[in-house]
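The values are calculated or read from the model by the stated rules, or taken from the named source; none is laboratory data. As the structure is a prediction and not an experimental result, all values here were calculated from the model. Here the Cβ positions follow ideal geometry from the backbone for every residue, glycine too, while neighbour counts run over all protein chains shown. Just so you know, the surface numbers come from the protein's heavy atoms only, side chains and all, with ligands and any DNA or RNA stripped out. Shrake-Rupley method; radii C 1.70, N 1.55, O 1.52, S 1.80 Å.
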Amino acid sequence: MNLAYTVSIAFRNLFRNARRSSITVLSVATGGIAVLMFGGFVANIFHSLETGLVMSGGHLQVFKQGYFHFGAGDPASYGIANYDEVMQTIKSDPQLGPMVTLATPQLTLFGVAGNFKEGVSRTFLGVGFIPSDRRKMAQWDRYDMHIPIRLSGMTDEQTDVGIVGYGLARVLHLCDALQVKDCPQPPKKAEQKAAVDTDIQALASAEAQTAAQQTQAGDHPKIDLLAATSQGAPNIVSLTVLKAQNQGFKEMDEVFVGMPLGLAQKLIYGRGTKQATSVVVQLNDTDQLYQAVDRLNQLFQEKGWGLEVRTFHDLTPFYDQATGMFRSIFAFLAVLMGAIVLFTVINTMSMVVMERTVEIGTLRALGLRRNAVRLLFIVEGALLGMVGATLGVISAIILSILVNASHLTWLPPNNVERIPLRVNVTANPDLILWTWILLVVIATLSAFFPANRAARLTVVNALHQV
Amino acid sequence: MTQTIAEETVARLNGVDKIYRLGDVDVVGLKGVTLALRRQKFTVIVGPSGSGKTTLLNLLGCIDTPNLGTVEVCGQDIATLDDNQLSDFRAMKIGFIFQNFSLIPVLTAYENVEYPLLLTGVPAAERKERTLAMLNAVELGDKANHRPNQLSGGQRQRVAIARSLIKEPALVLADEPTANLDTRTGGAIIALMRRMQETQHTSFVFSSHDPQLMEWADDTVTIRDGEIIDMRRAA
């Protein structure tokens with residue numbers, strides 16, 4: 001029996017009980033829609049997380065060997081003195097050059113930030129960078145996520161201007177000066193120190209008034225940053241705080257200070273050789289990540305620079321944890337939907353076999369072989385799967401377009417601002433293809449058991465089934 | 001007792017026993033049946049319900065096997081064939097006409113008649129020619145594109161007959177072929193089969209209670225309680 005004829009008969013059989021076939025097709029389609037919509041949403045989460053990380057910290061960072069494990073406690077000893085040469089080598093390498101969007105130095109440091117006018121201070125995590133490079137990095141949008149770019153407002157020309165986290169602004173009593181919204185007010189000093197001399201109170205009051213007048217005039221508050229230099233001596237610089245910026249999670253928000261690279265270098269290295277703790281590298285495409293890592297390691301080995309490369313996966317373990325969690329949820333949902341499709345099609349095909357037992361007997365009596373009977377029912381199951389999967393794909397695409405056009409937004413974990421809620425179905429042809437294939441395979445496998453039962457019926461028993 | 005109707009046979013049963021197991025009870029379908037059926041004749045098997053008529057037809061149609069004894073159809077001992085070979089043998093040699101017509105509902109009259117030719121691998125052009133000729137022979141040329149549910153009982157039975165004859169089988173088996181038809185239609189169907197038998201030289205074996213059909217028989221086999229009790233040749 002030729003396959004085309006079998007398919008033709010199987011297709012017509014689907015219409016014998018159109019209602020039942022429709023329900024089965026709808027079940028398969030619903031499974032497909034659920035998998036595709038959630039898969040599209042998960043893909044969007046992955047892309048938004050990745051985009052956010054790459055926008056702020058690049059795809060990878062080059063460190064002096066050992067920095068990743070020990071350098072946080074001693075940034076001065078793990079500096080890269082020849083960072084300009086490293087960047088130049090990366091940009092001019094014939095393999096790496098075309099992959100790289102940008103390579104920029106960064107200096108990470110720890111110290112104490114103080115607003116001595118207010119008599120408050122706390123430890124900080126400082127990041128020194130080149131503001132114009134940061135602006136370029138923030139434009140990376142490989143997946144068209146349109147994540148709002150948060151500009152610091154810093155410029156390369158302003159050598160002592162930086163930003164702080166919301167939390168740090170609050171602790172350093174800078175909320176009013178930086179116009180931070182929803183910032184709790186600190187307890188008044190008068191309540192804290194009732195016994196302070198009235199003269200001193202008057203002086204403090206006058207100073208605060210002057211500070212407020214300066215703010216109104218467009219001036220920004222200053223804080224002092226204290227850190228140990230590479231030689232171990234204490235050093236202090238003054239930073240004009242341009243604005244407070246939400247860092248997304250409390251721990252970072254309460255310690256973050258962003259400053260120009262030059263100022264950070266001045267704080268850590270004083271008059272010594274200016275260094276960077278890392279060179280941040282942003283690529284055109286994340287797919288090139290490990291190719292770039294291999295090439296960088298090869299280059300550093302050749303040059304004997306003693307540098308190591310860390311990807312954003314290493315630097316932000318949260319990314320892999322979050323994507324791993326969403327992958328698990330997606331797999332769970334896919335298995336659940338697969339099971340629903342499996343049992344729906346098994347149920348439908350079992351009923352079909354039961355209803356058509358006499359017909360099976362007739363076909364076998366006419367000379368149709370067991371395998372041909374088996375094939376006929378398997379093809380019917382496969383057709384149910386194909387029609388359902390195709391309907392599911394089309395519906396999911398339409399739904400995703402509607403969702404994307406509705407301009408919904410959501411706040412992902414660790415994000416500062418709401419981002420567009422998008423369901424990337426059409427942008428994931430692999431997801432569409434595999435979902436379609438999976439649904440058809442499940443439907444076909446589901447039909448196999450009833451089909452096998454049909455094929456194993458004896459002709460006599462089948463013919464005399466009532 | 002050996003029952004032989006003629007020397008030139010289309011099917012032969014030798015000492016056949018067929019026992020069915022129904023729950024814990026053994027039911028005797030056939031007991032020690034030895035029978036030879038004449039080629040190109042119209043044989044009717046008669047007997048009361050439960051006498052073994054259908055069991056005998058099943059064995060002749062190679063859709064069942066005996067517990068004891070041998071069944072030969074067209075010279076072939078069916079016990080020597082595996083399931084696929086039996087399917088092919090049926091496809092080539094045996095035509096069935098079922099009491100309830102058993103047409104495939106999703107196929108048109110044309111496709112139902114054509115179906116056995118697909119199973120035997122007849123080329124498309126020849127299939128078309130033979131199918132149309134057969135439909136015309138049963139006077140259903142104008143109903144070729146009708147599905148079974150668009151045909152009357154008589155028309156469906158004619159399609160079933162056409163389907164059984166299209167491959168020019170050596171043996172056509174029919175279980176109560178006129179049971180669901182009125183007398184007039186039944187008579188017309190019998191006449192049609194008789195005509196086909198003459199033109200295509202096919203052997204027909206029926207089980208029936210229909211006196212009208214028995215009148216047309218060349219040979220009559222009477223069966224009761226699984227045993228053949230009488231065999232008669234028409235005068």
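Give me the helices (runs of 4 or more DSSP H) completely within the stretch B:88-172, filtered to those with at least 3 residues that are within 13 Å of another protein chain (Cβ to nearest Cβ), ordered by residue number.
Numbers: elements: B:109-119, B:124-137, B:153-165.
Correct list: B:109-119, B:153-165.
Identify all residues within the stretch B:12-69 that are part of a strand (DSSP E or B), within 13 Å of chain A (Cβ to nearest Cβ) and open to solvent by 10 Å² or more (accessible area, probe 1.4 Å); write none if there are none.
B:K18, B:Y20, B:R21, B:L22
I want to confirm something. Restricting to the stretch A:400-458 and keeping residues that are within 14 Å of another protein chain (Cβ to nearest Cβ) and buried (at least 16 other Cβ atoms within 10 Å of the Cβ), which single residue is modelled with the lowest pLDDT? Outline the logic, then answer.
Of all residues in the stretch A:400-458, those within 14 Å of another protein chain (Cβ to nearest Cβ) come to A:455-458.
If we keep only those that are buried (at least 16 other Cβ atoms within 10 Å of the Cβ) as well, we get A:455, A:457.
Working: A:A455: 93, A:L457: 90.
Filtering the stretch A:400-458 for residues that are within 14 Å of another protein chain (Cβ to nearest Cβ) and buried (at least 16 other Cβ atoms within 10 Å of the Cβ), the one modelled with the lowest pLDDT comes out as A:L457.
Just for the stretch A:362-383: of the residues that are open to solvent by 10 Å² or more (accessible area, probe 1.4 Å), part of a helix (DSSP H, G or I) and of a type outside the set (A, V, I, L, M), which one is nearest to the other protein chains (Cβ to nearest Cβ)?
Only one residue tops the list, namely A:R370.
Just the residues that are within 41 Å of the chain's Cα centre (by Cα) and among the hydroxyl-bearing types (S, T, Y), please, taken from the stretch A:349-382.
Result: no residue meets the conditions.
Yes or no: A:S152 touching a Leu at 6+ places or on another chain (Cβ under 9 Å) and part of a strand (DSSP E or B)? Before you say what the answer is, go through the steps one by one.
On the way: touching a Leu at 6+ places or on another chain (Cβ under 9 Å): yes; part of a strand (DSSP E or B): no.
Spelling it out, it is not the case that A:S152 is touching a Leu at 6+ places or on another chain (Cβ under 9 Å) and part of a strand (DSSP E or B).
Only one of (1) surrounded by fewer than 22 Cβ atoms within 10 Å (Cβ to Cβ); (2) under 27 Å from the mean Cα position of the chain (by Cα) fails for A:G58. Which number is that?
Checking A:G58 against (1) surrounded by fewer than 22 Cβ atoms within 10 Å (Cβ to Cβ); (2) under 27 Å from the mean Cα position of the chain (by Cα), the one that fails is (1).
Determine which member of the set A:M337, A:M354, A:M349, A:M386 is at pLDDT 95 or above and either more than 30 Å from B:L171 (Cβ to Cβ) or within 14 Å of another protein chain (Cβ to nearest Cβ) (or both).
A:M386
Does the stretch A:270-277 include one or more residues that are open to solvent by 30 Å² or more (accessible area, probe 1.4 Å) and at pLDDT 90 or above?
Within the stretch A:270-277, one or more residues are open to solvent by 30 Å² or more (accessible area, probe 1.4 Å) and at pLDDT 90 or above.
Going by the structure shown, is A:I90 under 20 Å from A:Q298 (Cβ atoms), in contact (Cβ under 8 Å) with a residue 12 or more places away in the chain, in contact with a helix residue (DSSP H, G or I) (Cβ under 9 Å, 6 or more places away or on another chain) and assigned to a helix (DSSP H, G or I)? Please lay out each step first, then the result.
Values: under 20 Å from A:Q298 (Cβ atoms): yes; in contact (Cβ under 8 Å) with a residue 12 or more places away in the chain: yes; in contact with a helix residue (DSSP H, G or I) (Cβ under 9 Å, 6 or more places away or on another chain): yes; assigned to a helix (DSSP H, G or I): yes.
Yes: the conditions hold for A:I90.
Taking the stretch A:11-32 on its own, how many of its residues are facing another protein chain (nearest Cβ under 9 Å) and open to solvent by less than 30 Å² (accessible area, probe 1.4 Å)?
1
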